[in-house]
Structures are given as structure tokens and as C-alpha cells.
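Below: the structure, in C-alpha cells.
Values in this text are rule-based calculations from the coordinates and carry no lab data. A quick note: this is a predicted structure, and the numbers were derived from the prediction, not measured. Reconstructed Cβ throughout: ideal geometry from the backbone, glycine too, with neighbour counts over all protein chains shown.
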Amino acid sequence: MIDRDAAWLARAAGGRVVAHATGGSGPRKAVVDSRQVGAGDLFVGLPGSQADGGRFAGAALESGAWGVLVAEEHAQGLSGGAVIAAADPLSALQGVARAWRRELGARVVGVTGSTGKTSTKDILAALLGQRLRTHRNHENLNTEIGLPLSVLDAPSGTEALVLEMAMRGEGQIAELTAIAEPDVGVIVNVGPVHLELLGTVERVAAVKAELIRDLEPGAACVLPAQERLLEAHLRDDLDTWTFGPGGQVSLVSLEAGLARIEARGEQVELELPFSEAHNVMNTLAAVAAARALDVTPSGRIDARFSSLRGEVVELPGGVTVVNDCYNANPMSMRAALEHLAATPAERRIAVLGTMAELGEAAAGYHREIGSLAAERGIDVLVTVGEAALPYSEGFAGRAYSVATPEEAGALLEEVAAPGDRVLVKGSRSVGLERVLAGR
């Protein structure tokens, strides 16, 4: 609950109070979809490409909203709850989130990266949760809208905030950093993503490094060891932690789920519920961030991963599916295929959709992944959609090409046999979760 009144919210929003709430000290949380408004919520009417959310403020109040935050033109004549008017509702939402973050007094970690940032966020929340009352983004609430909603969902008494930060272009990480004001900034990795927009991996690194640039002096940053693309962005006035081979936080051993980790000379032992190499690396980043906050984790880590990220689904007939279809890029695709190749199975089947936003080099990246699948001994490849066809050009084994996720699902029913393990992975725009629809 945001236990502050309308006057406080208006000041934080840079707006004015048109009407006060009829009861209660403050809203339960903030929402931007009027269809999701519940009793006690603050509805924020954001202008959109299809509709102006401010038009639905009256309906939100009728649904029991504590109040609404809308543009001036939508604020008049409303009743039944608090009404706050602001010139720019999005900036107002972000201002309220920043003010609430300060009110909480929590330690804040901002997490970004080309791949693995969501899993790192989930692992770090589990580590910090051993010692501190911890709140994190839910699912993909990691944008200029989602991140402030996540902050405002944090209850009073929160001691640590773990906030994933998405990047689509220049300036966005800076925008999110200004809202979150992190005590620790984590860059999980840098790789070929968003090339359609940014052009080069060097520009991707520069945009990610907005997090380093905008940290307050004395804050901590966590970076992959020996990542040359970030070297030009390092700062002497930050406490810089490096992780991975050759870093200050490194894996000593991993046996039977017990990870022994060295963190600046300190020994950390964790029981991990996963063994994938990429998630072990994500764990090293999370341990570095936890130690930067003077938290030493130990024991079993019960990380609750966000949906569609490595979910294991057992189908009738003895077929195991790894549903990892939330997103894909060359780095995450390589990691998923290598884990598939290392997992015992009768046969290994990869159902792959396109990796989006790779620009002119897209076909080449897809061919490279097809070649990798062949090298790692993947038995069957299924490509979904026309843009995914280049995977097959680099694959020498048994391959199928289908147009839709539904066709891929039907094909799996025919092709997959008991003991097979299936990876389903592609960019979010492909909608590969429909491969398993109804199963």
C-alpha cells in the first residue's frame, strides 16, 4: 500500500489535487489499464497510440478506484475518489515512483543486460530475500511504464528492491535509472540485440552503460569480467565488482547442485535448483550484487523464475518440453541449445522461431545458430515462420519448416516420441507459447 494522501501524491507527480479521496490514507497500488482496476487502486490515465487512458478515469472511479491521475483535460467533473491532474501523466507516474522509492528507504539494485537479466533479477531477489524484505518486478514490468508500476507495488517495510531495466534504444536505461536511483547497477552481459535499432554491439554496450554513467558516486556496479566493450565506461568513483572467469566473484566448483563461489576472498556456498551454465553465470552476478549490499547468501536458493523462461513441461507420452519462448537472441539461443545438448534424452528436438531485431545481419545469425545446433548433435530442428528459415541452411540433420506455432505443435505430436526432450525458443513476437496451447 502507498500509505500517502492525495496531497503527497500530487506533489510527487508535479500536479495538483482536484478532489481528495473519500476514505483511506492512500492507494493500494497503481494501474494503467482501467479494466484491471480494483478497489483502492490509483488509476493512471496514460495517452496511447490507440486510445487516451484518461478517458476511462470515470469508469475507474466507478469500479472502486481510490483515485485517478490524469491529464488536466480529463480531470474536471470527476467524483467518487481522489483526482490528481498533471500535465504529463507518464512523467507524473515516474515522479510518484521515484518519491515512493525514497520513502521506502530500501536498497535498490538495477539489473540490465542483453540476455539473462530477468533470471538474474529472480535469482538476486531469492538471495536477498534470505536476509531482507525484498520486492522485484513482476514478469516483464521493466519499461518506462512497467518499472514505476513495480516500484509502486512495493509495500511499506520493503528493504530491498530488485528492478530489471529493459532497453529498446538510447536514453531508456538513463530514464529508468533516474526513476530507480540504484545503489547497485548490474550489467549481466553485452551482445548482439536490438541491432535493427542500434546497428552495432558497441552501441548496445554504450546504451547499457548509461546505468554505470548515471549511478551516484560511491554506488556499486557489477560487470562481467574482462568485458572490453564496457571498459571505456568504467568509473573510479564506483565500487566495481566483476564476475565470471577471472573476476572477483567466480565459481570454484559445482557438484550435485552445490555451488562453491569465491567473492573477493570470501567463500559462499549455495544449493542451486538448476545447473544450466548461463544460470550459474547469472548466479555469480547476483552474488556480486548481494555482496555489494553487504548480504552474504547461503544455503538453498529457491529462485522463482518468471513465466516462459526455461519452464519444464512434461507432456503425456513421456516427452519433456523446455518452454523458453519469452525471448531470444544469439546469446540466449546458444545457451539454450548447449544446455539441451548436455541434457540426457533419447533425442533432442529444437523448435525455433526467429530472433527479432537483428537488422541486416539477421540471416547470418540464424545460420550460425543452425550450424551450432548441428555441431551440438541436436537431432531434429523445427523452424517456425519464414524469417526462421535460415536456421535450416546451417543445419545438416533432420529439419522441418512450418508457418505457425500451431503447426509446430501439431508436428510435435507426430514427431516426438517417449524420452525425447524438446526446446521451444524464439522472440516474443513469434508467440511460441502457442506450440503448447491445450497441452
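Full extension of the chain between GLU393 and ALA7 yields a length gain of 132.7 nm, computed as 0.36 nm times the residue separation minus the alpha carbon distance. Neighbour counts of other Cβ atoms within 10 Å put LEU272, LEU198 in the fewest-to-most order LEU272, LEU198. Other residues whose C-beta falls under 9 angstrom from the C-beta of HIS74 contribute a net charge of -2, scoring Lys and Arg +1 and Asp and Glu -1.
Mind checking the log10 I(q)/I(0) for the stretch 53-168 at q = 0.14 Å⁻¹? Debye, one equal scatterer per Cα, no solvent, two decimals. Debye output, listed in q order: -0.66. Antiparallel beta bridges, as assigned by DSSP with both residues in the chain, represent about 30 percent of the total such bridges.
Both numbers refer to the Cα atoms of the stretch 311-436; Rg and Dmax are 12.8, 42 Å. Once the Cα-Cα distance is subtracted from the 0.36 nm per residue extended length, the GLU196 to ALA417 segment shows a gain of 75.7 nm. Helix 330-342 against the longest principal axis of the chain: what's the angle in degrees, Cα atoms only, rounded to the nearest 10? The answer is roughly 50 degrees. Inter-part distance, the stretch 30-66 to the stretch 282-327, computed on C-alpha centroids, equals 34 Å. Relative contact order of the stretch 206-337, taken over Cα pairs closer than 8 Å and 6 or more residues apart, is 16 percent. Ellipsoid semi-axes for the chain, based on the Cα gyration tensor and the rule √(5λ), read 39, 27, 20 Å when sorted largest first. Please find, in a Gaussian network model of the chain (springs between Cα atoms separated by less than 10 Å), the residue of GLY129, GLY53, GLY318 whose mean-square fluctuation is greatest. In this elastic network of the chain, the residue with the biggest mean-square fluctuation among GLY129, GLY53, GLY318 is GLY318. Expressed to the nearest 5 percent, the antiparallel share of DSSP beta bridges inside the stretch 1-108 is 30 percent.
Cβ-to-Cβ counts within 10 Å put SER427, SER307 in ascending order as SER307, SER427, the fewest first. Under a Gaussian network description of the chain, with springs only between Cα atoms under 10 Å, the residue in LEU124, LEU315, LEU176 that fluctuates furthest is LEU315. For the chain, a Gaussian network of Cα nodes joined below 10 Å ranks PRO192, PRO273, PRO224 by mean-square fluctuation, and the top entry is PRO273. Over the Cα atoms of the stretch 123-200, compute the convex hull volume and normalise it per residue, giving Å³. It is 103 Å³ per residue. Just need the relative contact order of the stretch 105-300 here, percent rounded to a whole number, with Cα pairs under 8 Å and 6+ apart. Over the stretch 105-300, the number comes to 22 percent. Calculated FRET efficiency, GLU266 and GLU72, Cβ-Cβ r, R0 56 Å, to nearest 0.05? For GLU266 and GLU72, the calculated efficiency is 0.55.
Note on the stretch 105-300: Rg/Rh from C-alpha atoms, Kirkwood Rh, equals 0.94. Its Cα gyration tensor gives the stretch 1-113 an equivalent ellipsoid; the semi-axes, largest first and in whole Å, are 21, 16, 13. Computed over the chain, relative contact order equals 11 percent, with contacts defined as Cα pairs under 8 Å that lie 6+ residues apart. Within the stretch 1-25, find all residues whose amide N lies under 14 Å from a label point positioned 7 Å from the Cα of SER91 along Cα-to-beta-carbon. Label zone hits: 12-16. Rounded to the nearest 5, the antiparallel percentage of DSSP beta bridges internal to the stretch 311-436 is 20%. Exposure proxy shown here: for MET1, MET331, the number of other Cβ atoms within 10 Å sets the order, fewest to most, as MET1, MET331.
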